[in-house]
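One structure below.
Every number in this text was worked out from the coordinates using simple rules, so none of it is lab data. Remember, predicted model here, so these are calculated numbers, not experimental data. Using ideal geometry, Cβ is built from the backbone for each residue, glycine included, and neighbour counts are taken over all protein chains shown.
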Amino acid sequence: MNIHRMRMLAATALLAFAGVTAAAAPANPPRNLEMIWIDTEGGAATLIITPAGESMLIDTGYPDHDRDATRINEAARAAGLTRIDHLMISHYHRDHVGGLAALTKLIPIGRFYGPNDKVELANREWYESYAAASAGKRSIVQPGDRIPLKGVEVRVVSANEKMLATPLNGGRANPLCDNPADMSPAGFENSRMVGVLLTFGKFTYLNLLDLDWHAELQLVCPVNKLGHITLYQASRHGGLDGAGSPALLGAIQPQVIVISNGPKKGLGQPDKRIQPIVNMAKPAEPYEANSYLRMARLPPIEGIWQDHLSLLDKDPAHNTVEDMIANLDDSAECKGNVIKASISRDGRYTVTNGRNGYSKTYAVRK
């Protein structure tokens with residue numbers, strides 16, 4: 001075979017190999033799962049965008065001068081969204097549903113999910129706001145229901161004063177349930193909370209919103225129905241007043257925690273309800289009343305991120321490091337910086353502070 005012939009065959013083989021390689025590589029590599037915690041000054045609004053580009057918003061913050069609706073819309077538009085496909089309202093408190101009426105005027109919303117029609121007189125205004133906005137597009141959810149979000153699994157774990165019956169992640173016995181301390185319910189809306197567990201590969205995200213201590217125990221005692229959690233959105237805006245029971249926190253063993261607090265709400269508030277509670281497993285060791293320390297001292301914790309520096313308790317030992325706090329002041333000039341997480345299919349995820357660009361990458365624990 002002459003040299004020219006050999007070169008022709010080699011070139012043909014190389015082109016064929018390149019064609020196979022090009023065909024094997026997707027034209028558009030899979031996107032990550034994106035999560036955005038929007039600053040609602042101690043309200044709640046978490047935006048989730050799947051690798052397929054479908055979106056879900058959990059709660060809408062306060063009604064105050066349309067501030068939170070505007071921030072949610074800006075975050076959605078910045079993420080390339082022209083509509084919110086799914087909106088979940090956890091309960092009918094002003095700080096969770098108050099921004100809804102204004103938000104519906106700023107961006108289209110596809111489908112609504114939330115609790116039933118049982119409502120207290122004090123919260124009727126917010127229930128009626130939700131009922132009006134969701135008319136004809138509303139689903140009342142129950143524990144175990146799936147929110148039909150493409151590319152991820154979102155399961156309802158609590159709703160309408162009922163808790164998940166069938167374990168989702170193994171269902172192992174919880175040793176922290178050996179005579180655990182209990183509390184009385186912390187009010188109707190905080191007992192009827194719609195809480196969700198999201199799963200994306202090995203990554204799990206738990207958001208119980210304002211669910212109280214008494215209801216938490218039903219999710220993890222005597223069996224832990226939730227499994228270990230990768231990223232936990234701290235309940236009750238990080239204040240853990242009547243929430244964050246050791247039986248729950250010790251069972252779910254969160255790797256990273258995000259606190260959706262305000263400068264003077266949630267984190268930093270004294271947990272008055274825990275003061276008389278006795279640690280039945282270790283009577284000589286009272287439960288930690290400071291909510292930040294209760295979370296920071298969890299053995300597997302790798303990072304805590306805050307929407308705001310707590311101005312109720314600015315002690316550096318009671319807040320995370322400044323680089324991981326999105327907003328530091330309480331003024332009209334507060335920019336409402338967000339916290340973002342980008343989760344890849346290989347189990348790595350990066351959390352980023354919108355104030356300073358500081359980010360940290362974690363690997364999902366196996």
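Using only the alpha-carbon atoms, what does the range 38-83 span along each of its principal axes? Please give whole angstrom values in decreasing order.
Largest first, the range 38-83 extends 33, 15, 13 Å along its Cα principal axes.
Could you list, bin by bin from short to long, the percent of Cα-Cα pairs of the range 208-356 in 5 Å steps?
2, 9, 18, 22, 20, 14, 8, 4, 1, 0
I'd like the trypsin sites (Lys or Arg not before Pro) in the range 193-264 restricted to DSSP loop residues with at most 16 other Cβ atoms within 10 Å, sorted by number.
Here the trypsin sites (Lys or Arg not before Pro) that fit, given the DSSP loop and packing criteria, are LYS202, LYS264.
Limiting things to C-alpha atoms, what are the Rg and the maximum Cα-Cα separation (Dmax) for the range 64-109, in angstroms?
10.3, 29
Compute the helix-to-body angle for 3-24: its Cα long axis versus the longest principal axis of the chain, expressed 0 to 90° and rounded to tens.
Roughly 20 degrees, rounded to the nearest 10.
Checking the table LYS272/LYS314; LYS137/LYS265; LYS105/LYS137; LYS105/LYS162 against a 24 Å threshold on Cα-Cα, which pairs fail?
LYS137/LYS265; LYS105/LYS162
Does the range 218-259 come out rounded, prolate or oblate by the C-alpha gyration tensor, with a ≥ b ≥ c the root eigenvalues, rounded set by a/c under 1.5 and, if not, prolate when a/b is larger than b/c and oblate if not?
The shape class here is oblate.
Give the lysines reachable from LYS150 as a straight Cα distance under 16 Å; neighbours fewer than 8 places away on the same chain don't count.
none
Can you give the local net charge around TYR92? Use residues other than it whose beta-carbon is closer than 14 angstrom to its beta-carbon, Lys and Arg +1, Asp and Glu -1.
Its environment carries a net charge of -4.
Quick check: from the Cα gyration tensor, does the chain come out rounded (a/c under 1.5), prolate or oblate?
It comes out prolate by the Cα gyration axes.
Quick one: what do you get for the range 298-366 if you divide its Cα Rg by 2.2 N^0.38 Å?
That works out to 1.23 for the range 298-366.
Compute the signed sum of charges (Lys and Arg +1, Asp and Glu -1) over the other residues within less than 13 Å, Cβ to Cβ, of LEU311.
Combined, the nearby Lys, Arg, Asp and Glu give -3.
From the helices alone, meaning DSSP H stretches of at least four residues, give me the mean residue ellipticity at 222 nm for the chain, per-run term -39500 (n - 2.57), in deg cm²/dmol to the nearest 500.
Theoretical 222 nm ellipticity from helices: -6000 deg cm²/dmol.
Restricting to the chain, compute how many DSSP beta bridges are antiparallel as a %, nearest 5.
Expressed as a percentage, antiparallel bridges in the chain total about 65.
How big is the Cα convex hull of the range 77-156 in projection, averaged over all directions, in nm²?
5.9 nm²
Just how many % of Cα pairs in the range 89-212 lie over 26 Å apart, if you round to the nearest whole percent?
Of all Cα-Cα pairs in the range 89-212, 26 percent lie more than 26 Å apart.
Please sort by residue number the trypsin sites (Lys or Arg not before Pro) in the range 61-145 whose DSSP state is loop and whose Cβ has at most 13 other Cβ atoms within 10 Å.
Filter output for the range 61-145: ARG83, LYS105, LYS118, LYS137.
Can you report the principal axis dimensions of the range 116-161 using only the alpha carbons, biggest first, rounded to whole angstrom?
37, 24, 12
Can you tell me the 0 to 90 degree angle between the C-alpha axis of helix 124-133 and the longest principal axis of the chain, rounded to 10?
In the chain, helix 124-133 runs at an angle near 20 degrees to the longest axis.
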